[in-house]
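> Sharing a structure with you now.
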Amino acid sequence: MQFWVIQTLNSLALGGLLFLLSSGFSLIFGLMRMANLAHGVFFMLGAYLGVTLLQAGVNFWLAALGGGLLVALLGGLLERCVLRALAGNEQGQVLVTLGVSFIVADLCLVVWGGDPIPLSPPAGLRAPLFFMGLAFPTYRLAVLFVAIAAAVLLYVVMERTRIGAMIRAGVDDMAMARIVGIRVSLLFTTVFCLGAALAGAGGVIGGPMLSAYPGLDSDMLPLALVVVILGGVGSLVGSFVGSFIVGGLYSFGTALFPDLAYFVLFLPMLLVLVLRPRGLFGRTLA
Amino acid sequence: MTGLEGVGRWFWLAAAAVALIALPWLMPNDFYVNLASQILVYAVWALSLNLLVGFAGMQSLGHAAYLGGGAYVCAWLIANAGLGHAAAALLTVLIIGAMAGLFGVLALRASGLGFLMITLALGQILWGVAYRWVDFTGGDNGIRLPSRPAPFGLALNQPAPFYYFALAVFAVVLLVMWRIAQSPYGAALRGTRDQPRRMSALGYNVWLIRWSAFVLAGFWGGVAGLLYVYYNKFVSPQALSLQQSAEVLIMTILGGVGSIIGPVVGAVIITLVKTVVSSYVDRWNTLLGVLFLVVIVFMPEGVVPGLRRLRRRFGP
């Protein structure tokens, strides 16, 4: 019983982290029609910045905020200075983000070294909760809570605010959005920074579960890709559902068949691609 | 396709062939012969990817699946299943071809960036399996190939014989690619890249043409994987990594997409830069990233078409 409780919470917490990672990825893809392959490295950089901020004695949640903001700054620079120069050349943009991810990952290796660095969770959340004779890891519950709060916030912003309506208009029909006077280029920067911030903060929040280590980026990026392939591009609901599916499969896969955890991911992706290539909630992958 | 016409073209081809054959005598020591062999392995690999990226216009970020996959299957069959070299090589290309067939069906459910993401995800899943399924693949320790093959009784253990073996395979692949480029199939493939709807209206089965290009690219990628494992006598998850996929893609793009000589030039440049840089500093990944930025932003058409354009403008 304890095994299932722990694994379910692990699944849900990993699903929450994947939502923080993939919602931004999916929004960027939906709006800018480009896959930001630097998203995994944004997550890893967030985790490493979290390490440094925590060592400096910053409060954990402030560190998550700070990591998110710093990564957002990097994302804004990347979007304004590099991606903008390649406007209209989506495949070129994708490859450039891949190049940036190699550079940033390598620099992280220089700065923080090759050994995994665990982040300690906030002091109040270290001891497990006991309920009905079972131990519940508190921090994982908190991660799940944060992810759900972020999801609700994002949903409200997307559905109920002016900027959200503008983003949705851009996703649906960019030319028309431009014609009615929406400054789509500003939206690009906003969404890119937002996605980067979510990934960076997700890195810090995921730190106590995953640690910061070289290769964290290439462990997380394929998970985000599978989430978006499953959930559909540009769909917030899709990345939410997809995140928890992937989180569950990956956690239980790792626990039950440690050798084949990645292979377990392959099967739902295969099914969705064969039966419903636009993803569970999305439009066609273009 | 080389852009040179008539007698001049054959002259240069013959000169290049003579230079390649004479190379082991021209090089001061074995280090350079081995480097040339490595370049040939990567050139075969880049040529296979060029079928997709160049001719079919589909960018794949999972081409390491075929190099690493071919290397793993071959090494596993020989080291763990006890097969001979000939049977192992044959089975390897068959298995990798079948894998490409399956992956192609999946990846071609989408086009453009969707295709790129699916190939990337498939490649990473394969990497994850090689890395985690320790009982089957040896995990991080990889698999060691006991010996290089000895086709027709020729031992390939020394640098020069291996170089000639790789050169022969390279020549075959080059010839195949040249024939494909000249054939109606090659023309149809370029048609699906430039005008897929028109090709479809003309009665071509665009999906089948793309899928067959995917399988061909995977098959020849598997051949490159055989060369890779013969050369290194070892394969680890590194051969399946995203970094490898990125390297071969940048080779293809850097040299010049769509030309036959382009990927070869790209393989030469990238392998040389990598070898030179790696012997001084440990920062190859940073340099690879910078190369991506520079090539995509400043040289999107690649070196060979760029030079060709200059030659047309200033040449005789």
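Bear in mind that the values in this text are calculations on the coordinates, not laboratory data. Keep in mind the model is a prediction, meaning the values are calculated, not measured. No Cβ is skipped: glycine too gets one built from the backbone with ideal geometry, and neighbour counts run over all protein chains shown.
> What is the dipole size for the protein assembly as shown, taken about its Cα centre, with +1 at each Lys and Arg Cβ and -1 at each Asp and Glu Cβ, in debye to the nearest 20?
Values: 32 positive and 18 negative charges, 302 e Å.
My answer is approximately 1460 debye.
> Please check which bits of the stretch B:55-75 a label hung off B:A86 would reach, taking the label as a point 7 Å along Cα-to-C-beta and the cut-off as backbone N under 19 Å.
Label zone hits: B:74-75.
> Still on this structure, I have one more. Mind running the shape call on the stretch A:1-92? Use the C-alpha gyration tensor, a ≥ b ≥ c as the square roots of the eigenvalues: rounded below 1.5 for a/c, prolate if a/b tops b/c, oblate otherwise. Each step should come with its number before you reach the end.
Values: a/c = 3.50, a/b = 1.45, b/c = 2.41.
In terms of gyration-tensor shape, oblate.
> Apply 1/(1 + (r/R0)^6) to the Cβ-Cβ distance of A:W61 and B:D135, taking R0 = 41 Å, and write down the FRET efficiency to the nearest 0.05.
Numbers: r = 42 Å, r/R0 = 1.02.
In this case the efficiency is close to 0.45.
> If you take the beta carbon distance between B:Q243 and B:V18 as r and set R0 to 25 Å, what does 1/(1 + (r/R0)^6) give as a FRET efficiency, to the nearest 0.05? Intermediate results must be reported in sequence, preceding the final value.
On the way: r = 35 Å, r/R0 = 1.42.
The computed FRET efficiency comes out at 0.10.
> With a cut-off of 8 Å between alpha carbons and a minimum separation of six or more residues, what is the relative contact order of the stretch A:209-286 in percent?
Normalised by residue count, the contact order of the stretch A:209-286 is 36 percent.
> To the nearest 20 debye, what charge dipole does the stretch A:21-214 have about its Cα centre, counting +1 at the Cβ of each Lys and Arg and -1 at the Cβ of each Asp and Glu? Intermediate results must be reported in sequence, preceding the final value.
Values: 10 positive and 7 negative charges, 81 e Å.
Roughly 380 debye for the stretch A:21-214.
> Which of these, A:L225, A:L271, A:L98, has the largest mean-square fluctuation under a Gaussian network model of chain A (Cα springs below 10 Å)?
Largest GNM mean-square fluctuation: A:L271.
> Which distance in nm do the two modelled labels at B:L272 and B:W10 give, with both placed 7 Å along the Cα-to-Cβ direction?
Each label point lies 7 Å from its Cα, and together they span 2.9 nm.
> Which value at 222 nm does chain A reach when only helices count, each DSSP H run of 4 or more adding -39,500 (n - 2.57), with the total divided by all residues and rounded to the nearest 500 deg cm²/dmol? Before the final figure, lay out the partial values.
Working: 11 runs with 208 residues, N = 286.
Rounded to the nearest 500, the figure is -25000 deg cm²/dmol.
> Can you list the DSSP H helices in chain B whose Cα atoms extend at least 18 Å along the helix axis and whose mean Kyte-Doolittle hydropathy is -0.5 or higher? Can you show the working numbers first?
Numbers: long enough: B:6-26 (30 Å, 1.53); B:30-50 (30 Å, 1.02); B:64-79 (21 Å, 1.44); B:85-107 (32 Å, 2.11); B:113-132 (28 Å, 1.42); B:159-182 (34 Å, 1.55); B:206-232 (38 Å, 1.13); B:242-255 (20 Å, 1.14); B:261-280 (29 Å, 1.69); B:284-298 (20 Å, 2.44).
Helices passing the filter in chain B: B:6-26, B:30-50, B:64-79, B:85-107, B:113-132, B:159-182, B:206-232, B:242-255, B:261-280, B:284-298.
> Another question about this same structure. Quick one: Cα centre-to-centre distance for the stretch A:47-123 and the stretch A:138-196, in angstrom?
Using only Cα atoms to place each centre, the spacing works out to 20 Å.
> Quick check on the stretch A:21-214: take the gyration tensor over C-alpha atoms, sort the square-rooted eigenvalues as a ≥ b ≥ c, and tell me if it's rounded (a/c under 1.5), prolate or oblate.
Details: a/c = 2.65, a/b = 1.47, b/c = 1.80.
The shape class here is oblate.
> Which net charge results for the neighbourhood of A:L98, defined as the other residues with beta-carbon distances under 12 angstrom from its beta-carbon, given Lys and Arg at +1 and Asp and Glu at -1? It would help to have the intermediate numbers written out before the result.
Working: positive: none; negative: A:D217, B:E247.
So the surrounding residues net to -2.
> Something else about it: Just want the answer: with Cβ charges of +1 for Lys and Arg and -1 for Asp and Glu, which residue in A:V204, A:S235, A:L275 is farthest toward the dipole's positive end in chain A?
The one lying farthest along the dipole's positive direction is A:S235.
> Taking square-rooted eigenvalues a ≥ b ≥ c of the alpha carbon gyration tensor, is the stretch A:187-251 rounded, prolate or oblate, where a/c under 1.5 means rounded and, failing that, a/b exceeding b/c means prolate?
Numbers: a/c = 1.94, a/b = 1.10, b/c = 1.77.
Oblate is the answer for the stretch A:187-251, as a/c is 1.5 or above yet b/c matches or exceeds a/b.
> For labels at A:A165 and A:T189 in the simple 7 Å Cα→Cβ model, what's the distance in nm?
2.4 nm
> Tell me, what is the percent relative contact order of the stretch B:89-144, built from C-alpha pairs under 8 Å that lie six or more residues apart?
Details: 21 pairs, mean separation 8.9, N = 56.
After rounding, I find 16 percent.
> Counting only helical runs of four or more DSSP H residues, what would the 222 nm mean residue ellipticity of chain B come to if each run contributes -39,500 (n - 2.57) and the total is spread over all its residues? Could you put the intermediate results ahead of the total?
On the way: 14 runs with 234 residues, N = 316.
Estimated from H runs of four or more residues: -25000 deg cm²/dmol.
> Roughly speaking, what is the stretch gain from A:M1 to A:A127, that is 0.36 nm per residue apart minus the C-alpha to C-alpha distance, in nm to one decimal?
Numbers: separation 126, 0.36 × 126 = 45.36 nm, distance 1.94 nm.
Full extension from A:M1 to A:A127 adds 43.4 nm.
> Another question, if that's okay. List every DSSP H helix in chain A whose Cα atoms extend 18 Å or more along the helix's own long axis and whose mean Kyte-Doolittle hydropathy is at least 1.0.
On the way: long enough: A:2-32 (44 Å, 1.46); A:39-55 (24 Å, 1.35); A:60-77 (26 Å, 2.01); A:90-112 (32 Å, 1.51); A:138-160 (32 Å, 1.68); A:184-210 (37 Å, 1.74); A:216-231 (22 Å, 1.88); A:236-256 (29 Å, 1.54); A:261-275 (23 Å, 2.79).
Answer set is A:2-32, A:39-55, A:60-77, A:90-112, A:138-160, A:184-210, A:216-231, A:236-256, A:261-275.
> Could you calculate the FRET efficiency of B:Y204 with B:V172 from 1/(1 + (r/R0)^6), where r is the beta carbon distance between them and R0 is 25 Å, rounded to 0.05?
FRET efficiency, B:Y204 to B:V172: 0.35.
> Can I ask one more? Averaged over its residues, how many other protein chain Cβ atoms are within 10 Å of peptide A:86-96's Cβ atoms?
On the way: counts 3, 0, 0, 3, 3, 10, 7, 2, 8, 12, 6.
The shielding value for this peptide is 5.
> So what is the relative contact order of chain B, in percent, for Cα pairs below 8 Å that sit 6 or more residues apart?
Numbers: 456 pairs, mean separation 100.8, N = 316.
Result for chain B is 32 percent.
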